[in-house]
Amino acid sequence: LTSEYLGKIAYENYGIKSVVYRPFSGYGKDQDLSYPFPSICKRILNNKNSKQIQVWGTGDQMRDFIHIEDCIKGVVSTMDKIEDGSPINLSTGKLTSFKEFVKIGCNILGFETEVVGTSDKPEGVFARGGDTKLQHDLGFVTRINFKSGIEEALKFFEKNN
C-alpha cells in the first residue's frame, strides 16, 4: 500500500512513471521451503501412500496460486501500460484450499489419503485471491494451471531430494 501511495505521489509531483504489482501466492519449483507451496509438495512426497497428511490450520484456507513464470510474463506484458503508480494484481482468479492442493498432488502421484488440519499451527488469512479484470483488460492471461505447476514441482523435488 505504501508503494502505491508513493508511486501516485511520484507521478503526480515529478512525472515519474511506475506501476505497483500485487502478486497473489506466487510459487515455483525451487521456492524456499518456508513457503506453503514447496512445503506442502515435500509433505506429499514424504508421505506417499500414508493414511493421512497434515496441513497447517484447518486446511480449508484458500490461496490464488500463480506460477512465477506467469508473474514474470505479467510484469513484462503490462509494465509499459500503467504510468501513474496504480496497482495491478497478478493472479489467476481461482482459489484453491490447502486440502484440495494436497489431494491434487496425491492424485498426480497415484494415491489417495485423508487430509487433516492441525489446530495448533497458524492458519493465516482465510482466503487471499486477486481480481483479474485489469490484467485481462491489459492483455495478460495466465497460462500455467495449478495442477501442472504442482506436477512440475513434485518432479523437481523427487529429482533433487
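Key figures for this structure:
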read-out	value
Loop-resident sites, region 8-49, for trypsin sites (Lys or Arg not before Pro), counting at most 15 other Cβ within 10 Å (DSSP)	17, 48
Global form of region 20-161, assessed from the alpha-carbon gyration tensor, a/c cut-off 1.5	prolate
Under Karplus coefficients 6.51, -1.76 and 1.60, residue-wise ³J(HN,Hα) of region 132-144 in Hz, glycine/proline x	9, 4, 5, 4, 5, 4, 8, x, 9, 10, 5, 10, 9
Convex hull of region 1-101 built on C-alpha atoms - directionally averaged projected area, nm²	7.8
Binned Cα-Cα distance frequencies in region 117-161 - 10 Å width, integer %	19, 24, 38, 18, 1
When each of 48/147; 29/81; 8/73; 73/155; 73/103; 103/133 is checked by Cα-Cα distance, pairs over 21 Å	29/81; 8/73; 73/155; 73/103; 103/133
Residues in region 86-129 that a label on residue 21 would reach, taking backbone N under 19 Å of a point 7 Å out along Cα→Cβ	86-94, 129
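No lab work stands behind these numbers, since they all come straight from the coordinates. Here the structure is a predicted model, which is why all the values come from computation and not from measurement. So basically every Cβ, Gly included, is an ideal-geometry build from the backbone, and we count neighbours across all protein chains shown.
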